[in-house]
Amino acid sequence: MKLSAAITRTLRRAGVSTSDSAEKNIARESLSLVTTDTIALLDWWWLNKTTTFATVASTRTYQPVSGQVSSWWSFVDETNNQPLEIIGPDRYDLLDIDRSITGAAAAVFIDGMDATTGYPVISLYRIPDSANTIRARYRIDIPEFTSANDDTDLSVLGFPRIMENVLIHGAAALTLEENGDESQSGREWGHHARSLKAAKLQNLNMQGNRTYIPNDIASDFFGLRITSDIETAA
């Protein structure tokens, strides 16, 4: 489904004109807002990406990705077959206070965003002394939709087919709220919740055969219950 089709369906469900440019802009903005909230909910498999970049001698700071990142998974020095630990600012500073130690990279600090591009910046410890290939695994952050995206399929923009209803029902609910129709907005949030539940189940199935500890009290997970019947040694 193209973004334009999602906009049209959103407006149709909201009961407003599907041809009015102002309404289309509202629907597109609503789809972007739902996108932002949805990305933060889970470790969605469809957000996973991998990239590589080359280190340059005497260069400590890099922009591995020309785009937004919602989280970093791992870094590996492929040249030296060495995993790189992701560390915090305090440890990064204490490892090399005057930032003078050179050699093969051993750790990565997520150093914020570039002031010009807005893309994430990382700094390496140690300062590289040669050209090595670093592999990074991360989760993308889908940027705000614009009219230039209207003719692009949602899958190309970053969403698998199962997420289409999640976005559309959520965007329709926001559009109805903006138009003051709380009742119909609630209906759309209900559809959104059901679509989101299905998407979460599919996301779990994509994670292979890993086992997770249930987090609801109605589960069959066994735990130790502490009572006054437990005997202690004198």
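All of (1) in contact (Cβ under 8 Å) with a residue 12 or more places away in the chain; (2) over 30 Å from residue 27 (Cβ atoms); (3) open to solvent by 80 Å² or more (accessible area, probe 1.4 Å) hold for residue 105 with one exception: (3).
Just one of (1) within 29 Å of residue 161 (Cβ to Cβ); (2) open to solvent by 70 Å² or more (accessible area, probe 1.4 Å) fails for residue 113. It is (1). Looking only at the stretch 22-38, decide whether some residue is more than 22 Å from residue 147 (Cα to Cα), open to solvent by less than 20 Å² (accessible area, probe 1.4 Å), in contact (Cβ under 8 Å) with a residue 12 or more places away in the chain and of a type outside the set (Phe, Trp, Tyr). Scanning the stretch 22-38, I find no residue that is more than 22 Å from residue 147 (Cα to Cα), open to solvent by less than 20 Å² (accessible area, probe 1.4 Å), in contact (Cβ under 8 Å) with a residue 12 or more places away in the chain and of a type outside the set (Phe, Trp, Tyr), so the answer is no. Could you list all residues from the stretch 113-133 that are over 15 Å from residue 51 (Cβ atoms), hydrophobic (A, V, I, L, M, F, W, C) and touching a Gly at 6+ places or on another chain (Cβ under 9 Å)? Scanning the stretch 113-133 gives a single hit, 127. Scanning the stretch 121-137 for residues that are open to solvent by less than 20 Å² (accessible area, probe 1.4 Å) and of a type in the set (Ser, Thr, Tyr) turns up just one, 123. Residues in the stretch 39-57 that are hydroxyl-bearing (Ser, Thr, Tyr) and surrounded by 12 or more Cβ atoms within 10 Å (Cβ to Cβ): 2 in all. Checked against (1) at pLDDT 95 or above; (2) under 24 Å from the mean Cα position of the chain (by Cα); (3) charged (D, E, K, R), residue 187 passes all but condition (2). If the condition is being part of a loop (DSSP other than H, G, I, E, B) and either of a type in the set (Ser, Thr, Tyr) or surrounded by fewer than 19 Cβ atoms within 10 Å (Cβ to Cβ) (or both), then the stretch 143-164 contributes 143, 144, 146, 150, 151, 152, 158, 160. Taking into account only those residues within the stretch 165-211 that are among the β-branched types (Val, Ile, Thr) and touching a residue at least 12 places away in the same chain (Cβ under 8 Å), which is surrounded by the most Cβ atoms within 10 Å (Cβ to Cβ)? Among those residues, the one meeting the criterion is 168.
The values are calculated or read from the model by the stated rules, or taken from the named source; none is laboratory data. This structure is a prediction, so every number in the text was calculated from the model and none was measured. So basically every Cβ, Gly included, is an ideal-geometry build from the backbone, and we count neighbours across all protein chains shown. To get the accessible areas, we keep the full protein, side chains included, count just its heavy atoms, and leave off ligands, DNA and RNA. Shrake-Rupley method; radii C 1.70, N 1.55, O 1.52, S 1.80 Å.
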